[in-house]
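Asker: Got a structure for you, written out below as C-alpha cells; questions coming shortly.
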Amino acid sequence: MRIGIGVDFHRLTHGRRLILGGVDIPFERGLLGHSDADVLTHAICDALLGAAGMGDIGVHFPDTDPAYKDISSLVLLSHTVKMVHDKGYQTVNVDATVIAQEPKLAPHFPAMRDRLAQRMNVPADAVNVKATTSEGLGHTGAGDGIAAWAVALLRPVKP
Ligand code: MG
C-alpha cells in the first residue's frame, strides 16, 4: 500500500465558473487558473501522483502548455489515473477536504463523489469529499480563494 497527499489553492475572481470535483457550482465568482482551476480535483491528482511516487500535477500537465488551457480537470484526473495504473497501482480510496468560506458545498458532495469516482474507476464510497470554512481566517476566510487537501491510498494492481 502507498499513501499520498495533495494540497492546492486557487484565487477566486469574477467572470469565471466555479467548478469543484467536476461539478459546476452556482456562485458569483469562480477560480482562476490555466485549466478550469478545479482545486479539489487538482489536490486529488497530486495525492494520487504522490502516492505513486510520480511527482506532481505541474510536472505532468504544465500550465505553460496550451493543450491544458481551460481543460476540464476531470480529463487531467483520467490521465493521472491511467499513468498511476501504468505504474502498477490502483486506487483504494481518496479523502478530501475543500476549505471555502462560501458557497455552501454540502449539497454538491454526492455529484462530486460520483463524478470523481467514475474517473478513478472506483465505487463512489471509495471517494469522500467534505468541506470546512476557515472561520474567517486567512485568504480562504476572506473569500479571496479556495483551498483543497486530499489523501489517496493505492494498492498494487492485481496481476
Ligand atoms: Mg491547481
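The values are calculated or read from the model by the stated rules, or taken from the named source; none is laboratory data. Only a predicted model underlies this, so the values are computations on that prediction, with no experimental measurement involved. A quick note on method: Cβ atoms are made from the backbone with ideal geometry, for glycine too, and the neighbour counts reach across all protein chains shown. Protein only, heavy atoms only, side chains kept; ligands, DNA and RNA dropped before computing areas. Shrake-Rupley method; radii C 1.70, N 1.55, O 1.52, S 1.80 Å.
Asker: Taking the Cα centre of the chain as origin and charging only Cβ (+1 Lys, Arg; -1 Asp, Glu), how large is the dipole, in debye to the nearest 20?
Answerer: Charge dipole, the chain, about its Cα centre: 440 debye, nearest 20.
Asker: Here is a follow-up. Could you do me a favour and compute the accessible area per residue for segment 1-105, 1.4 Å probe, result in Å²? It would help to have the intermediate numbers written out before the result.
Answerer: On the way: 4740 Å² over 105 residues.
On a per-residue basis, 45 Å².
Asker: Still on this structure: Sorted by packing (mean other beta-carbon atoms within 10 Å per residue), highest first, where do 45-56, 29-40, 128-139 land?
Answerer: 29-40, 45-56, 128-139
Asker: May I pose another question? With N set to the residue count of the chain, report its C-alpha Rg divided by 2.2 N^0.38 Å to two decimal places. Before the final figure, lay out each step's value.
Answerer: Values: Rg = 14.8 Å, N = 159, 2.2 N^0.38 = 15.1 Å.
Expressed relative to 2.2 N^0.38 Å, the Cα Rg reads 0.98.
Asker: Can I ask one more? Using the charge dipole of the chain (Lys, Arg: +1 at Cβ; Asp, Glu: -1 at Cβ; taken about the Cα centre), state which of Gly15, Thr80, Thr91 has its Cα farthest towards the positive end.
Answerer: About the Cα centre, the residue reaching furthest to the positive side is Thr91.
Asker: Using the Karplus curve 6.51 cos²θ - 1.76 cosθ + 1.60 with θ = phi - 60°, what ³J(HN,Hα) values do you get for each residue of segment 142-158, in whole Hz, with x for Gly and Pro?
Answerer: Values per residue, Gly and Pro as x: 7, x, 6, x, 10, 10, 8, 10, 8, 10, 9, 10, 10, 10, x, 5, 5 Hz.
Asker: So who's got an amide H within less than 5 Å of the one on Tyr89, skipping anything under 5 residues away but keeping other chains? H placed 1.01 Å off N, in plane.
Answerer: The list, which skips near neighbours in sequence, is Val157.
Asker: Keeping the other protein chains in place, figure out the carbon and sulfur percent of the accessible area of segment 55-155, with a 1.4 Å probe.
Answerer: 55
Asker: Let me ask something else about it. Indicate the gyration tensor shape class of segment 66-107 (rounded, prolate or oblate), computed on the Cα atoms with a ≥ b ≥ c the square roots of the eigenvalues: a/c under 1.5 is rounded; otherwise a/b larger than b/c is prolate and the rest oblate.
Answerer: Values: a/c = 3.71, a/b = 1.40, b/c = 2.66.
Note, shape of segment 66-107 comes out oblate.
Asker: OK, next. Estimate the FRET efficiency between Lys69 and Asp144 by the formula 1/(1 + (r/R0)^6), using the beta-carbon distance for r and 25 Å for R0, to the nearest 0.05.
Answerer: With a Förster radius of 25 Å, E is 0.60.
Asker: Among Phe61, His42, Val122, flag the residue with its Cα farthest along the positive direction of the charge dipole of segment 25-158, charges on Cβ as +1 for Lys/Arg and -1 for Asp/Glu.
Answerer: Highest projection toward the positive end goes to Val122.
Asker: Now for a separate question. Only helical DSSP H runs with n ≥ 4 go in: add -39500 (n - 2.57) per run for the chain, normalise by residue count and round the 222 nm mean residue ellipticity to 500 deg cm²/dmol.
Answerer: One gets -8500 deg cm²/dmol as the mean residue ellipticity at 222 nm.
Asker: What are the aspartates and glutamates whose alpha-carbon lies under 17 Å from the alpha-carbon of Lys69, with same-chain residues fewer than 8 places away excluded?
Answerer: Qualifying aspartates and glutamates at Cα under 17 Å: Asp36, Asp38.
Asker: A further question on this structure: Placing +1 at every Lys and Arg Cβ and -1 at every Asp and Glu Cβ, with all other atoms neutral, what dipole size does segment 5-75 have around its Cα centre, in debye to the nearest 20?
Answerer: 160
Asker: With no solvent and one point per C-alpha, what does the Debye sum give as log10 I(q)/I(0) for segment 47-90 at q = 0.30, 0.33 Å⁻¹?
Answerer: Debye curve over Cα of segment 47-90, log10 I(q)/I(0) at q = 0.30, 0.33 Å⁻¹: -1.12, -1.23.
Asker: Compute the relative contact order of segment 43-159 as a whole-number percentage, counting only Cα pairs closer than 8 Å that sit 6 or more residues apart in sequence. Provide the component values of the computation, followed by the final result.
Answerer: Details: 178 pairs, mean separation 42.6, N = 117.
Dividing the mean separation by the residue count of segment 43-159 yields 36 percent.
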